[in-house]
Amino acid sequence: MAAQEFRHKLEQLPGQDKRLLGALFAIAFTALAVGGIAGLVVVMDAAGFIKLTYQKLFQFLTLHASYLFYYWIYSAEAALVLTFILVYTKGARLTSTTRGVAWMGVLLIAAGFALNLIAVAQGAVPTYKAEYPLIKQYGTAGAMFLLGFIMLSLGLFLVALTGIATAIKPKLDGVVKEWSSITFASLVWMGLVIVTTVVAALLAYVPALQDLLGMTPVIKNFNYSMSWGVMFHNLHYLPIMGAVLVWYVLAEVTTGVKSIFGERFSKGIFSLYLLVVPPTSVYHMFLEPSVPAHIKVVGSILSLGVSIPTIAVGMLILASLHACASSREKGALAWLRHLPWRNPSFSALAMAMVSALGGGVIANVIIQEKFEALLGDTFAVPGYFHFFTLGAVTLAIFGILTQIIPALTGHRLYAPSLLNLMPYATVAGAYIFGIAGVLAGYTGVPRKTLDFSFQGIAPQSWDAYMVYVGIGGILMVAGSAVYALLLVLTALRDIPSGLRLEELPFSAFKVEDAAGNSPWFTLVVVSLLIAGVYIASIGAYEFIKSLPIAAAGGGH
Amino acid sequence: MRSLDTKLLLLGSMVWILMAIYYLATDIMIEGARVWAAGSVIFFIIFLSTWYAERRGEQKRREGEPQNA
């Protein structure tokens, strides 16, 4: 589906559906504002630019983690995936019943949003994990915090239920025999949301809330940490799966490129997410003494499967772009000139993939059993995951919203040239933040405390790394804040100086353009990724080995 | 079962149930086993709904009564 058809289908959506999607996007952007401002404060404190009390700092950290990871990403992706089902499934439409169910979901998400905010204002600072029984110390505020997450889970469940019913109905009506690969992937995403919310999340949060309120938990002897770990394992696939689905759509609406390998191949690739979620879960238990060593070894091998679907979709898009663009001009890099670099949606897509590449290299180092045990609680973790949460995921969401918001509102896109620069600034920030953060983690900077001085006995190198973390963090927030602000302005006002979507650069490739062109560039990128993982693993090992061993403490 | 959609959904739910059995058999994490088992049921329900919808849709097409979007 090329840009024009995508826009046309969005414009044709009934006003009630536009309002529903708009409400979800509004929650997402409000969460982005709350979490983004909180993140800026946290990173400035971590870098030593400002100094807050411990309590205040953890309030900001809790807001940053909870509102960006849970409310921004999941609300935005739920709205996007529902949009894809409506746009890419012939005959799909919301009925008054499904629309009502989705609205209930939206209201529950909004109520959870408010409850979490009130709980943090009242002093509950359990970060995104809401660790139990630690959260008991916050009393009512702690209960309110857990209830907020329960409402968010139920809300997402209802939106996902709506999406699945909307996708299946055209098959029941005899309108559709086979879904498009995008509808199929959307359905799998919605299915994973259901498992994560009504099963995994409720198995963690409900018994904890019952126990906190003095009731008998529905599960006897429940283990919150393990239950939360399983939920989080499911949960952290969803943003990246949603993002690569957005990449796939973005490639088509900005260049006209469809997969050169065909719809069935794409569907098979997307189904890999469904297949790898459970088997890769063992890597969360590397530190569990009860898990036998041989299972940890199997888990370490299986953990490498975590990134396979994401790499596969990324390579599929890259191969299709390369093969089609080569029809205009051959040459090692000449084909790149024919991609729409002045289109902010395409820049967001390209930078999201560049960010995922950096994050992928580091993630595949940290996820190995021996490194996980060493680095799992260090700043290396926030260092690498911002490549994904901000670079790969948030930029992708921005990129597709650049197409969706003007189409839904009929407004012109505000300041497209400025918009087009922001993905590059954001990813530059992500790389500075990520590399400095990972190196800081290798030297031992912890991630679960924000006081890095340790009464003056911390190594001096920590300060230097954290200054770069601060600079990168500020650049990331600035780039993404300007992009988000311009999108919100586009949503709210039709500014005459803006650009109509049809005026944005579009490559207009066709699948037939790929004939006879070898997408060798994809092999180069895959080789770089594999070599990067090897080099980064060896580098990490040598770097950590070279550090002086220092110990402080007292014995009996 | 004609479509690739149903085949992949069935395969997915099978992987989830196998993982639930593996976790139970090795006794490494009951919390994981619960979620994989429930997940397999959820994906099996999605598979069954899709399979049924395809059958009914096929019947409607054969009867020449396709519903217009």
Fill in: segment A:376-497 pair-distance distribution - Cα-Cα, 5 Å bins, rounded %
2, 12, 19, 17, 13, 11, 8, 7, 5, 3, 1, 0
Discussion item. Am I reading the A/B interface right? What is its buried accessible area, both sides, 1.4 Å probe, to the nearest 100 Å²?
Written reply: 3500 Å²
Item to complete: Return a whole-number percent for the relative contact order of chain B, with Cα pairs under 8 Å and 6 or more residues apart as the contact set.
Response: 33 percent
Fill in: Computed over segment A:1-42, Cα set: Rg, Dmax in Å
15.3, 43
Discussion item. If you average the alpha carbon positions of segment A:351-375 and of segment A:144-221, how far apart do those two centres end up, in angstrom?
Written reply: 28 Å
Worksheet item: When the accessible area of segment A:78-141 is split by element with a 1.4 Å probe, what percent falls to carbon and sulfur?
Response: 66 percent
Worksheet item: Quick one: which bits of segment A:254-268 get at least 40 Å² less accessible when the partner protein chains are in, versus the chain alone, with a 1.4 Å probe?
Response: A:Arg264
Worksheet item: Kirkwood hydrodynamic radius for segment A:103-171: how many Å is it when counted over pairs of different Cα atoms?
Response: 12.8 Å
Item to complete: Using only the Cα atoms of segment A:238-333, build the gyration tensor, take square roots of its eigenvalues as a ≥ b ≥ c, and label the shape rounded, prolate or oblate: rounded if a/c is under 1.5, else prolate if a/b is larger than b/c, else oblate.
Response: prolate
Practice prompt. Let me see the pair-distance distribution of segment A:451-534: every alpha carbon pair, 10 Å bin width, integer percents in order.
Written response: 11, 16, 21, 27, 17, 7, 1
Response to the item:
Per 10 angstrom bin, beginning at 0 and ending with the bin that holds the maximum distance, the Cα pairs of segment A:168-300 fall in percents of 11, 29, 29, 19, 11, 2
Practice prompt. Could you work out the relative contact order of chain A, using alpha carbon pairs under 8 angstrom and six or more residues apart, expressed as a whole percent?
Written response: 17 percent
Worksheet item: Over what distance in Å are the Cα centres of segment A:1-76 and segment A:487-520 separated?
Response: 24 Å
Discussion item. At 1.4 Å probe size, with the rest of the protein present, what percent of the exposed accessible area of segment A:235-369 is carbon and sulfur atoms?
Written reply: 70 percent
Worksheet entry | Rounded percent of accessible protein surface that carbon and sulfur make up, segment A:406-532, 1.4 Å probe | 68 percent
Practice prompt. List the lysines whose Cα lies under 23 Å from the Cα of A:Lys18, skipping any in the same chain that are fewer than 8 positions away.
Written response: A:Lys9, A:Lys90, A:Lys169
Worksheet item: Using mean Cβ contacts within 10 Å as the protection proxy, how do A:348-361, A:401-414 order, highest first?
Response: A:348-361, A:401-414
Practice prompt. Would you mind computing Rg(Cα) / (2.2 N^0.38 Å) for segment A:1-116, counting N as its residues?
Written response: 1.34
Worksheet item: Rg to Rh ratio, the protein assembly as shown, alpha-carbon atoms and Kirkwood radius?
Response: 0.95
Worksheet item: When N counts the residues of segment A:278-380, how does its alpha-carbon radius of gyration compare numerically with 2.2 N^0.38 Å, as a ratio?
Response: 1.47
Worksheet item: Could you give the alpha-carbon Rg of segment A:134-202 over 2.2 N^0.38 Å, rounded to two decimals?
Response: 1.53
Item to complete: For peptide A:185-197, compute the average count of partner chain beta-carbon atoms within 10 Å of each residue's beta-carbon.
Response: 3
Response to the item:
At the level of C-alpha centres, the distance separating segment A:426-484 and segment A:382-402, in angstrom, is 18 Å
Practice prompt. Name the aspartates and glutamates eligible as straight-distance cross-link partners of A:Lys171: C-alpha to C-alpha under 19 Å, and not fewer than 8 places from it in the same chain.
Written response: A:Glu263, B:Asp5, B:Glu54, B:Glu58, B:Glu63, B:Glu65
Discussion item. I want to verify the translational diffusion coefficient of segment A:163-243 in µm²/s; compute it with Stokes-Einstein, Rh as the Kirkwood radius over Cα pairs, at 4 °C and 1.567 mPa s.
Written reply: 89 µm²/s
Worksheet item: Could you give the radius of gyration (one decimal) and Dmax (whole number) of the Cα atoms in chain B, in Å?
Response: 16.5, 54
Worksheet item: Using the heavy atoms of the protein chains alone and a 1.4 angstrom probe, what is the accessible area of the protein assembly as shown per residue in square angstrom?
Response: 40 Å²
Worksheet entry | Degrees, to the nearest 10: B:30-62 long Cα axis against longest axis of chain B | 10 degrees
Practice prompt. Please give every one of the aspartates and glutamates within straight-line cross-link reach of A:Lys129, meaning a C-alpha to C-alpha distance under 19 Å, and leave out same-chain neighbours fewer than 8 residues apart.
Written response: A:Asp211, A:Glu288, A:Glu372, A:Asp377, B:Glu31
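The values are calculated or read from the model by the stated rules, or taken from the named source; none is laboratory data. Computed from a predicted model, the values in this text were never measured in an experiment. Virtual Cβ from ideal backbone geometry, glycine too; neighbours counted across all protein chains shown. For accessibility, only protein heavy atoms count, side chains too; no ligands or nucleic acids. Shrake-Rupley method; radii C 1.70, N 1.55, O 1.52, S 1.80 Å.
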